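Chemist: Questions regarding the structure given below will be posed in turn.
The values are calculated or read from the model by the stated rules, or taken from the named source; none is laboratory data. Just so it is clear, the model here is predicted, and its values are computed rather than measured. Cβ placement follows ideal geometry from the backbone for every residue including glycine, while neighbour counts extend to all protein chains displayed. Surface areas here come from the heavy atoms of the whole protein model, side chains and all, with no ligands, DNA or RNA. Shrake-Rupley method; radii C 1.70, N 1.55, O 1.52, S 1.80 Å.
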Amino acid sequence: MDASTRSQVAAALARSDLNAVPLEPHQFERIRVIAQRRFGLSIPSQKLTMANNRLVKLQRRLQFADLEALVLHFEGPASAEDFLQLFDCLSTNLTMFFREADHYDVVVDQLLAPIRELPAQARPKLRFWSAGCSRGCEPYSLAMILRDQLGDLSAWDARILATDFAITELQQARSGVFPVRFVEDLDPELVDRHFHKEVQGTETIVRVNPEIMAPVTFGLLNLMAPWKMRGPFDAIFCRNVMIYFSEETRHQLVLRFEKLLRPGGFLFLGSSEGLPGEHDDLQRVFPSAYRKK
Ligand SMILES: C[S@@+](CC[C@H](N)C(=O)[O-])C[C@H]1O[C@@H](n2cnc3c(N)ncnc32)[C@H](O)[C@@H]1O
């Protein structure tokens, strides 16, 4: 399509009604196949309406004449950037600070308590991975726990890797800025300790303190692709991510996580997610929390 046709199409699309362009069932099926193959996502049929609206917006942004052209694009030669946009359309990113807080208690009791009082020269390095971190609440919650338990984190070699494939969420995460509603249900003392409130125009926002941001490194990673990290990690959090994956994909992912854990390291899954398949080396220590033997 040449540039002038593209801009005519874009103008026509901008005038049209979003909901007037239904995704055909066969097109939805083809998008589901792509999402499964590329991102591991099994999109349930109830998500047809959501997918429809988001895909129409993507079709406009990428300036395709219709949804069929968009689907063909992703079945064919779409660029890595376009696939990122498709993932943004299809993923579910709901998150919150201290979600499933019992898991942080496991970290405190079983991982941090035994090392908390060690003198500086005897302190082990600590490595965590939040896999599917969305906009960063999970890795920042973990950093707050580490700060509250271990004191000044610059005196520890503690790092948290936080990855996701949703680029918009990662941008938000890296900024460390959240609408104030994200902290409304948290202990006010914790909020005072780790956030800075600011009024921006009509909106109140909270900013995560620099010492909490410091140990966290964000990265773009499709969990279905090869990983560069070699580990070993003390704990991996992959919570509420694999709910949209098939049993076999979850099983394979857990095997990959297992390899990257040190002996005695922890794997945390979402509270509604059991361990898929047989994993003899992982011992359940709490609901949805496993320790590598
Ligand atoms: C519902 S959020 C959960 C966030 C956080 N772990 C929590 O429990 O609050 C699921 C996240 O998994 C990410 N995700 C899903 N499939 C992924 C994949 N194939 N690669 C990387 N991230 C993925 C989504 O982008 C989303 O941000």
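Chemist: So which residues in the range 217-254 are away from the ligand (no atom under 13 Å from the Cβ) and under 14 Å from the mean Cα position of the chain (by Cα), if there are any at all?
Modeler: Within the range 217-254, Thr217 is the sole residue that qualifies.
Chemist: What are the residues in the range 202-249 that are surrounded by fewer than 21 Cβ atoms within 10 Å (Cβ to Cβ), among the small types (Gly, Ala, Ser) and touching a residue at least 40 places away in the same chain (Cβ under 8 Å), if any?
Modeler: Passing the criteria: Ala214, Gly219, Gly231, Ser246.
Chemist: May I ask you to list the residues in the range 159-192 that are open to solvent by less than 10 Å² (accessible area, probe 1.4 Å) and touching a Leu at 6+ places or on another chain (Cβ under 8 Å)?
Modeler: Ile160, Thr163, Leu170
Chemist: Please determine whether any residue of the range 144-166 is closer than 20 Å to Arg239 by Cα, out of contact with any strand residue (DSSP E or B) (no Cβ under 7 Å at 6 or more places or on another chain) and free of Cβ contacts under 8 Å to residues at least 40 places away in the same chain.
Modeler: No, every residue in the range 144-166 fails to be closer than 20 Å to Arg239 by Cα, out of contact with any strand residue (DSSP E or B) (no Cβ under 7 Å at 6 or more places or on another chain) and free of Cβ contacts under 8 Å to residues at least 40 places away in the same chain.
Chemist: Another one. Please note which strands (runs of 3 or more DSSP E) are completely contained in the range 100-202 and include at least 2 residues that are within 13 Å of the ligand (Cβ to nearest atom) and among the aliphatic types (A, V, I, L, M).
Modeler: Per the criteria, 158-164.
Chemist: Say whether the condition of being in the same structural domain as Glu211 (by TED's automatic domain parsing), touching a residue at least 60 places away in the same chain (Cβ under 8 Å), within 15 Å of the chain's Cα centre (by Cα) and assigned to a helix (DSSP H, G or I) is met by at least one residue in the range 68-85.
Modeler: no
Chemist: On to the next question. I'd like the full set of residues that are within 16 Å of the ligand (Cβ to nearest atom) and open to solvent by less than 40 Å² (accessible area, probe 1.4 Å), limited to the range 69-81.
Modeler: Passing the criteria: only Phe74.
Chemist: Take Gln27 and tell me if it is open to solvent by 50 Å² or more (accessible area, probe 1.4 Å), modelled with pLDDT of 85 or more and closer than 29 Å to Asp164 by Cβ.
Modeler: The answer is no for Gln27.
Chemist: From the list Gln200, Gln171, which residue is at pLDDT 95 or above and assigned by TED's automatic domain parsing to the domain that holds Trp129?
Modeler: None of the others qualify; the one that does is Gln171.
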